[in-house]
Amino acid sequence: MTQQDPAAQKNQKTPTIDEYQPKSTLVTPEHKIQRAKYPFIDIHSHHWNPTAAEVDDLIKGMDSINLRVMVNLSGGTGEELKKTVQVMKGRYPDRFVVFANMSYDDLNTPGFGKRVAARLEEDVKNGAQGLKIFKDFGMELKYANGQRVHVDDPEFDAVFEKCAELKIPVLIHVGEPSAFFDPWDYHNERWEELKEIPGRARPPARYPAFETLMTERNHLFAKHPKTNFIAAHLAFHGNDLARLGKLFDANPNVYVDIAAVLAELGRQPYSAHDFLVKYQDRVLMGKDIYEVNEYKWYFRALETRDEYFEYYRKRHAFWRIYGFQVPDEVLKKVYYKNALKLVPGIDAKQFPE
């Protein structure tokens, strides 16, 4: 082994935590899967006002990885929704699903909730197959008087009841990883991420506490038992799967996606495997930011037992992950079966039994 000259080693600059990037010497079998074993539905993707050319490019990438149906959560409402449905579903009717979104332009006018419900009903007539609620809801959205809109605000009850009536799911993003709400100190496991992107911190002077948001969200789920909710990003309980299990047990109408939180499952492969087997009917495949070359990490984690491999996007994880290979029947449910039972209008003939 070549040893560094002691004098040179003495003069070498000590790396900062940002600069320290150790290369693992571990040698283990690798299975770098480029294409999903089964066709899958991505329940969590965003494409704002796509053009026809952009949609054509999406199809090429989707075909290369066995992504059969993509759900665009950023459909908007009204004319914007109609245009997005036309450019995506009009060109490829079996390959795309579009969810509507709420407009808050008239939030401070009496009767807001009922108007949103009416707009949503019209959006569904125009091709929407679900409702997506973004993370400003409950965290940053406020009334004109400065009062924060709570996740379980009664003003929105009409909207969620309309979703139950229309039999469409609500994919809802409430909160952020709990570490973003914790003190930003050297005990915080997301410290380096917050250092790189300080805007992700959720200090108590500006935001409600994590537990406040979770309490409001859980109350929302409980008071609308006939509405199917998909809690984005493992409901931000990927670091505490026992807690997520309790949420499932208490609310049969709640599901989750794994978008942008693969790293949480990948650092606990035994627990992740057992959790997905136990709650195999409640978890859906999702990616969030569409990048065709990044899906292979999901395939590798879900389909293999590979060990200690790097995550695809450091800003989500400063640790390596492991494959937690789930049985084929569980894989089919996560990849497409659970989405088929929740989202109306998807042609099930595109998928194996």
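All of the numbers you see were taken from the coordinates with simple rules; none came from a lab. Nothing here was measured: the structure is a model prediction, and the numbers come from that model. Cβ coordinates were reconstructed from backbone atoms using ideal geometry, including for glycine residues, and neighbour counts include every protein chain displayed.
For segment 51-142, which GluC sites (Glu not before Pro) are in a loop by DSSP, counting at most 16 other Cβ atoms within 10 Å?
Qualifying residues, ordered by number: Glu140.
Counting only Cα, what are the radius of gyration and maximum Cα-Cα distance Dmax of segment 1-156, in Å?
That works out to 24.6, 76 Å for Rg and Dmax.
What is the spread of the Cα atoms of segment 121-194 along each of their three principal axes, largest first, in whole Å?
Result, largest extent first: 51, 30, 17 Å.
In what sequence do Asp306, Asp18 fall when counting other Cβ within 10 Å, fewest first?
The most exposed by this proxy come first: Asp18, Asp306.
Which of Lys296, Lys132, Lys32 moves most in a GNM of the chain, Cα contacts under 10 Å?
Its mean-square fluctuation being the largest, the pick is Lys32.
Report the calculated FRET efficiency for Lys167 and Gln12 (r = Cβ-Cβ distance, R0 = 41 Å), to the nearest 0.05.
Calculated value: 0.05.
For the chain, what does -39500 (n - 2.57) per DSSP helix run (n ≥ 4), summed and divided by total residues, give at 222 nm, in deg cm²/dmol to the nearest 500?
-9500 deg cm²/dmol
Springs between alpha-carbon pairs under 10 angstrom, Gaussian network model over the chain: which of Phe112, Phe324, Phe96 fluctuates most?
Ranking Phe112, Phe324, Phe96 by mean-square fluctuation puts Phe112 first.
With N residues in the chain, what two-decimal value do you get for its Cα radius of gyration over 2.2 N^0.38 Å?
With N residues counted in the chain, Rg over 2.2 N^0.38 Å equals 1.06.
Using 0.36 nm times the number of residues separating Glu291 and Lys125, minus their current alpha carbon distance, what extension gain do you get?
Length gained between Glu291 and Lys125: 56.7 nm.
Any idea how far apart Ile59 and Arg148 come out in nm if each label point goes 7 Å out from Cα toward Cβ?
Using points 7 Å along Cα→Cβ, the separation is 4.5 nm.
Can you give the extra length, in nm with one decimal, that the chain gains between Phe318 and Thr215 once fully stretched, where that is 0.36 nm per residue apart less the Cα-Cα distance?
Once the chain is fully extended between Phe318 and Thr215, it gains 34.2 nm.
Once you charge only the Cβ atoms, +1 for Lys and Arg and -1 for Asp and Glu, what is the size of the charge dipole of segment 156-278 about its Cα centre, to the nearest 20 debye?
300 debye
Using just the Cα positions, wrap segment 68-186 in a convex hull and report its mean projected area in square nanometres, one decimal place.
9.5 nm²
Could you give the size of the charge dipole of segment 1-127 about its Cα centre, using +1 on the Cβ of each K and R and -1 on the Cβ of each D and E, expressed in debye and rounded to the nearest 20?
340 debye
Counting only Cα, what are the radius of gyration and maximum Cα-Cα distance Dmax of segment 194-353, in Å?
Cα radius of gyration and Dmax of segment 194-353 are 16.4, 51 Å respectively.
What is the dipole size for the chain, taken about its Cα centre, with +1 at each Lys and Arg Cβ and -1 at each Asp and Glu Cβ, in debye to the nearest 20?
It comes to approximately 460 debye.
Under the 0.36 nm per residue contour assumption, what length would be gained going from the current alpha-carbon distance of Lys135 and Arg305 to full extension?
Taking Lys135 through Arg305 to full extension adds about 57.8 nm, to one decimal.
Starting from the Cα gyration tensor of segment 109-258, multiply each eigenvalue by 5, take the square root, and state the resulting semi-axes largest first in whole Å.
Equivalent-ellipsoid dimensions as semi-axes: 28, 19, 13 Å.
Can you tell which of Ala301, Pro327, Tyr270 lies farthest toward the positive end of the dipole of the chain, using +1 and -1 charges on the Cβ of basic and acidic side chains (Lys, Arg; Asp, Glu)?
Of the options given, the answer is Pro327.
Excluding residues fewer than 8 places away in the same chain, name every one of the lysines whose C-alpha is closer than 30 Å to that of Lys114.
Straight-distance partners of Lys114: Lys82, Lys83, Lys89, Lys125, Lys132, Lys135, Lys142, Lys162, Lys167, Lys223, Lys226, Lys341.
Just the number, please: percent antiparallel of the DSSP beta bridges in the chain, rounded to the nearest 5.
In the chain, DSSP labels about 10 percent of beta bridges as antiparallel.
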